Amino acid sequence: MEIILELKNVNVSYDGKQALSNINMKLPKNKITCIIGPSGCGKTTLLKSLNRMIEQEIEASFTGDVLFEGQNTRTMSEEVLRRKIGLVYQTPTPFPFSIYKNMAYAPTYYGVKDKTKLDALIVEKLKQANLYEEVKDDLGKNATKLSGGQQQRLCIARALTVDPTVLLLDEPCSSLDVKSTEKIEQLLLGLKEKYTIVVVTHNIFQAKRISDYTAFMYEAELLEFATTDALFSSPQHKKTQAFIAGLYG
């Protein structure tokens, strides 16, 4: 099993309140890892620690190390790191202009000037996100006019335009209906052939459906990390057992 991300003794606190407590974790390459646990246990904080977005939060204090492909992320520029490790937020955040401009924004910033190459890249990534057939005749449409599920897939496609290695998603289906959720899940299952995917989800059934590995967090601690089959069939911790049995959430 090839490891792409490793957390070593990671601690995060907000104004003195512990949000992550001594997290040690190894994330395998080209797999989907889901992070589950009750609200407020530190799932999103853990996700934002992986590409140093946590450093943008003034009240947050971070200690420990995160290694990406063996390199300490603190030795990498933020621009390079966040190009390699993309983050898609819980609420879809399309820019308030056209679908095309949303898709062109990042690659243009990073130096893709040739329109033929840019057009080909946009088509490729929209296809990867299973969105192209739905929008191909209307790329000039304001992206904020898309449905919630389409906006989320657009944000995923937009993140893919810079060719990341890892894709982080924070509750990508929390506001979506069943059909849109199914499309996102099928999209993620297809993407793991090329990308490593880490998903925070409140939906344990989603974790069972799509993930190869599952991490269970409780009160800032990583209580259990195992293959999804192992964690759900024979959890080792009583709190894990109770959570997946629906006794609390």
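The values are calculated or read from the model by the stated rules, or taken from the named source; none is laboratory data. Predicted model, so just to flag it, every value in this text is computed and none were measured. Reconstructed Cβ throughout: ideal geometry from the backbone, glycine too, with neighbour counts over all protein chains shown. Only protein heavy atoms, including side chains, enter the accessible area calculation; ligands, DNA and RNA are left aside. Shrake-Rupley method; radii C 1.70, N 1.55, O 1.52, S 1.80 Å.
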Matching residues, the range 113-145, being under 22 Å from P164 (Cβ atoms), of a type in the set (A, V, I, L, M, F, W, C) and buried (at least 17 other Cβ atoms within 10 Å of the Cβ) | L118, L121, I122, L126, A129, L131, V135, A143
Out of all the residues in the range 22-33, is one or more more than 24 Å from R209 (Cα to Cα), of a type outside the set (V, I, T), open to solvent by less than 10 Å² (accessible area, probe 1.4 Å) and within 18 Å of the chain's Cα centre (by Cα)?
-> no
So which residues in the range 98-110 are closer than 26 Å to C173 by Cβ, modelled with pLDDT of 95 or more and open to solvent by less than 70 Å² (accessible area, probe 1.4 Å)?
-> S98, I99, Y100, N102, M103
Looking across the range 58-74 at residues that are at pLDDT below 95 and assigned to a loop (DSSP other than H, G, I, E, B), the single one that is surrounded by the most Cβ atoms within 10 Å (Cβ to Cβ) is E59
Can you find a residue in the range 38-46 that is buried (at least 16 other Cβ atoms within 10 Å of the Cβ) and of a type in the set (K, R)?
-> yes
Just one listed residue, out of M76, M103, M53, is among the aliphatic types (A, V, I, L, M) and either touching a Phe, Trp or Tyr at 6+ places or on another chain (Cβ under 9 Å) or closer than 29 Å to P235 by Cα (or both), and it is M76
Inter-residue pairs, beta-carbon under 8 Å, first aliphatic (A, V, I, L, M) and in the range 209-223, second assigned to a helix (DSSP H, G or I) and open to solvent by 10 Å² or more (accessible area, probe 1.4 Å), 6+ apart | I210/E185; I210/L189; M217/K43; L223/K239
Using beta carbons and a limit of 7 Å, which pairs, at least six apart or on different chains, have the first residue in the range 155-178 and closer than 21 Å to N30 by Cβ and the second one open to solvent by 10 Å² or more (accessible area, probe 1.4 Å) and part of a loop (DSSP other than H, G, I, E, B)?
-> V162/Y110; D170/Y89; D170/Q90
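Which ones in the range 112-134 are part of a helix (DSSP H, G or I) and under 17 Å from L187 (Cβ atoms)? Outline the logic, then answer.
Residues of the range 112-134 part of a helix (DSSP H, G or I): 115-128, 132-134.
Residues satisfying the conditions are I122, V123, E124, K125, L126, K127, Q128, Y132, E133, E134.
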Does the range 135-148 include one or more residues that are out of contact with any His (no Cβ under 7 Å at 6 or more places or on another chain), assigned to a helix (DSSP H, G or I) and touching a residue at least 60 places away in the same chain (Cβ under 8 Å)?
-> no
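Hey, among the residues in the range 192-207 that are out of contact with any strand residue (DSSP E or B) (no Cβ under 9 Å at 6 or more places or on another chain) and over 21 Å from S233 (Cβ atoms), which one's surrounded by the most Cβ atoms within 10 Å (Cβ to Cβ)? Please lay out each step first, then the result.
Let us first name the residues in the range 192-207 that are out of contact with any strand residue (DSSP E or B) (no Cβ under 9 Å at 6 or more places or on another chain), namely 193-194, 205.
Still in the running and over 21 Å from S233 (Cβ atoms): 193-194.
Numbers: E193: 7, K194: 14.
Top of the filtered list is K194.
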Going through the range 90-111 one residue at a time, which ones are assigned to a loop (DSSP other than H, G, I, E, B) and over 16 Å from L146 (Cβ atoms)?
-> Q90, Y110, G111
Given A242, A226, which one is part of a strand (DSSP E or B), free of Cβ contacts under 8 Å to residues at least 60 places away in the same chain and farther than 24 Å from P92 by Cα?
-> A226
Would you please name the residue that is nearest to Y89 (Cα to Cα), looking only at residues in the range 162-184 that are modelled with pLDDT of 95 or more and open to solvent by 10 Å² or more (accessible area, probe 1.4 Å)?
-> D170
